[in-house]
Structure formats: structure tokens, C-alpha cells
1. Estimate the FRET efficiency between Gln308 and Glu140 by the formula 1/(1 + (r/R0)^6), using the beta-carbon distance for r and 30 Å for R0, to the nearest 0.05.
2. Along the stretch 370-385, what does the Karplus equation 6.51 cos²θ - 1.76 cosθ + 1.60 (θ = phi - 60°) give for ³J(HN,Hα), rounded to whole Hz, x for Gly and Pro?
3. Using amide H atoms built 1.01 Å from N in the peptide plane, name the residues 5+ places from Glu270, or on other chains, whose amide H lies under 5 Å from its own.
4. Please give the length that would be gained between Ala392 and Lys92 if that part of the chain were fully extended, namely 0.36 nm times their separation in residues minus their C-alpha to C-alpha distance (nm, one decimal).
5. Apply the Karplus parameterisation 6.51 cos²θ - 1.76 cosθ + 1.60, with θ equal to phi minus 60°, to every residue of the stretch 336-351 and state each ³J(HN,Hα) to the nearest whole Hz, in sequence, with x for glycine and proline.
6. Going by the alpha-carbon gyration tensor, a ≥ b ≥ c the square roots of its eigenvalues, is the stretch 229-341 rounded (a/c under 1.5) or, if a/c is not under 1.5, prolate (a/b greater than b/c) versus oblate?
7. Taking every pair of alpha-carbon atoms in the stretch 440-496, what share in percent sits in each 10 Å bin, from 0 to the bin with the longest distance?
8. So how much slack lies between Gln269 and Ala452, counting 0.36 nm per residue of separation and subtracting their Cα-Cα distance, in nm?
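Bear in mind these aren't lab numbers, they're just calculated from the coordinates by the rules spelled out. None of these values were measured; they are calculated from a predicted model. Backbone-built Cβ (ideal geometry, glycine too); neighbour counts: all protein chains shown.
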Amino acid sequence: MSIVDTRTPDPKRLIPGATGDWEIIIGLEVHAQVISKSKLFSGAPTNFGAEPNANVSLVDAAMPGMLPVINEECVKQAIRTGLGLKAEINLKSVFDRKNYFYPDLPQGYQISQFKQPIVGEGKVVVSVGPDRQGNFEDIEIGIERLHLEQDAGKSMHDQHPTMSYVDLNRSGVALMEIVSKPDMRSADEAKAYVTKLRSIMRYLGTCDGNMDEGSLRADVNVSVRKPGGDFGTRCEMKNINSIRFIGQAIDYEARRQIAILEDGGTIAQETRLFDPAKGETRSMRSKEEAHDYRYFPDPDLLPLEFDQAYVDALAVDLPELPDEIKKRLVAELGLSAYDASIIVSDKAIADFFWQVAAGRDGKAAANWVINDLLGALNRTGKTIEETPVSAAQLGAVIDLIKDGTISGKIAKDLFEIVWNEGGDPKELVESRGLKQVTDTGAIEKAVDEVIAANPDKVEQARAKPTLAGWFVGQVMKATGGKANPQAVNALVKAKLGVE
């Protein structure tokens, strides 16, 4: 990992200690499983949830005489990801053997890339916030490299009282290891970075980002130093598979290191594990360096070479990515940067929004998607894919407001009905008598009754015109929220003689 310091200390992100402020230095190595039907060097399937050792070829099991053959789709996916990260694509790269010995690594080495990766330096812009003023800060995080490598299998220690079992279904699955520069200075920045990285890959279709299935996980490197000083000794926390846990691990580890240093101790460079149940890290082993792995070019694989035309052909078919969509939402639909950020945060949400917004007011569509739909999904623990209200149904609710059939208040009630019971919004309005009252005679009668029943309030409103809103609220209540709010407001002001 690069040791070039690209950021100056930010007072907002310093941690107070007994001997003064401290700065956290964070770098991440994100392992993203490539979306492909077969593994990196074999034709074995990659489907999640298969029976143990069902997705294992002779190559994955490292049987004698078996030779790896590169999967071109995995190469394409790595290039697409590199392009999405605004990174340099290396037209020649080399696969190396990384030697280490674990029971779930049948070959006794991992085929990876070391000095010549497929993707070089790139960048990701993350938004951190909001702060107390509601503002977001854009921060550029450098990408050191992206390289392809094969995953190891999985050891299971809880299946037998005296033995461990090994499942090789993941052995040989293609991974993209995305190595950041040590540019992050807080847990919030690290969480925003992983969130953005996952979002980009989901838009590209190169990794599904399902951390609970292990298809995205991170090794987190943390060190602390006095602001502006030399880099401290870093510790690496392995295989964290939750964005929330990444934040917790960073906060704990930073404070652990600060406490040791302020007590006069030194930090041992080591690999640690994060225990989510206890919210703490614990030592796993001393940290390996590159020479410990005895890298050398894999003799069974030729250098990977392609030309610029190959890269350009892939670039042409790339989808629009979150940053570009966000700019378009702000510029073309007039959305706030905050609302646009929420919409583009997940491809499924963005796709849903575009369906709702088609031919409609973008701001109205955004308000309903963000405040009502996503709010209801969050409260019930559902994802956008599980929404009981379709884009067509939500769009129909917005249409009924626009054409005056229902008021905004009735629309909220209608949304709840559709959420709980389903059905066509237009037909529900007809069958349940939810139409907005637009008959000025009926509205005027309700206004007169409210004014007659509250003579003391009338005088107060004439002295203080803003109190006319109280009368509007009473009329709306009396009409069950069905009266046209604009008509009610106009009649109340006219009857009270206020502007």
C-alpha cells in the first residue's frame, strides 16, 4: 500500500486524547466477488447456497496435472470496474503465486497479482455528512490498484466436536481486490467509501455487493499519529463483512492504539479480528509482509495482454454511474444534492425513481419516493425490491393529486391503503369515497360554520392574519380532509377579510 500522504489534518476529524489530539489513518483492501457464472480459472459454477463441495472442479481441488485457464468474463468485469473507478487500465498484467498454507487453500498458494495488476491508480469521490448545518463534504479517496485473484475455501469449526470441515465451493471464485490509498481519516469516511464502492459495482453489474453472503468484505488497516506527523504502525483487521462493523472496528482500534501510545507503549504490527458481539478487536497473528508470501509469476499462466480497442469497446457499453446521475437529477429535475444522493445510493432505488418520475414532476416524485416509500420500507425493514407499492401505483397517487382528484392529506391515507391492501389507486378513490371536495358551495358552508362557532378567534385572526391558518385546519378537519385546501384557504381569508 502507498505511504504517500495526500491529505492535511482536518480538525473536525481529530480524536482528543490525554496528551492532545490524534489523527486516524485508514486504508482499505476491499475484496469483491466478480459476477460471473464460472470461477476465475475453472468452469465450476459460482451460485451461492449450493451444498458443500458441490461447486468444485478438479482445478479448484488442486488435483495433480490440472492447469488453470483464465475466464475472459472475469477479465472484462475487472476492466469495467476499473473504468468505473476512473482508473488506469494496464494492457499487460501478470498473475503471481502468493504462497501460504491453510487447510481451505488446496494448492498451497493463491493465484493473485502483485507487481503488475490489471488496474492501476483511480479515485472515488464520497460525500460525508450531513453536519449540524445539513451540509455534505465531498472527499476524494485514491485507489492504489485493483487486481484479480482467486478466493480460498471455507473452514467450518462448529460442525464436529473434534474436527474441522472444509467447503471448497468458494475455492477459485474470482475476486477483485481493490486497494485504497491511506486517504481516510474517520470511520464515517471509511463507511462512505465502501458504500460508494459497492454502489458503483452494482451499477456496473460487476459485483452484487451482498456482504451477508460474503461477496463483499474488507480488510481494514488502521494507524494513529499526532496531526501532521509520520505514519504510525498499522494493524490490519481481516474480513469484515458489514459496513456498520467496519465503522465500529475502526473506532475501537483507533482508541486502543491511542491508549497504548499514551501509556508509553508501542504498537505491534499485526493482523487482528473484529468481534462484533463484544465490539472489540483481538490479535490473530503477526502481520505478513510481501516477502513472506514469496511471490513469483505463475508458470502455468502467460501474461494477460489486450489492446486499447478491447478496453474502449467495454467502455462504450458502461451504464451511467451514480455521480453522473446525481448531477443530472440536480441540473435537470431541480432536486437538492441530498435528495439526489439518496436516490442514486442504490441502483434499485434509482430505477424505481425513474419509473415514478416518468412524465411527472421530478420533485414530487422524489418527495414521495424518499419520504413516504423509503420511510415506510425503513420502518418495516424491507428493501426496495420487497416494496408492496409498485412504481406504477405510486405514480398513480401522484397523478391523482396533480389533477385535483385528491388532496395531499388524502394521498397519505391512500398510500397506506395501497401499502397494506394493494389495489389500483384510482379505483380505490372511487370505491371508498376519497375524492376531494371541490364544490365551493359545500366548502363555503363548512367555512361559515367554523367561523360562526368561533367568534373570539375571528377577532384574533383579523388582528393577526396568520391565525387564519387555524380556521383552514378546522375546516379541513370538519370535511374529513377532503376539501380542496386552496379553495378553503381562499374562502377563509375572504370571509375574515384578511390577506
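1. E between Gln308 and Glu140, to the nearest 0.05, is 0.70.
2. My calculation for the stretch 370-385 gives 6, 6, 8, 5, 5, x, 5, 5, 5, 5, 9, x, 9, 9, 4, 5 Hz in order.
3. Here the answer is Glu236, Lys287, since their amide H atoms fall under 5 Å of that of Glu270.
4. Gain in length upon complete extension: 103.2 nm.
5. Here the 3J(HN,Hα) series is 6, 4, 5, 5, 4, 5, 5, 5, 7, 4, 9, 4, 5, 5, 4, 4 Hz.
6. Cα axes put the stretch 229-341 in the oblate bin.
7. Here the calculated profile for the stretch 440-496 is 26, 62, 12.
8. Using 0.36 nm per residue and subtracting the Cα-Cα distance, I get 57.8 nm.
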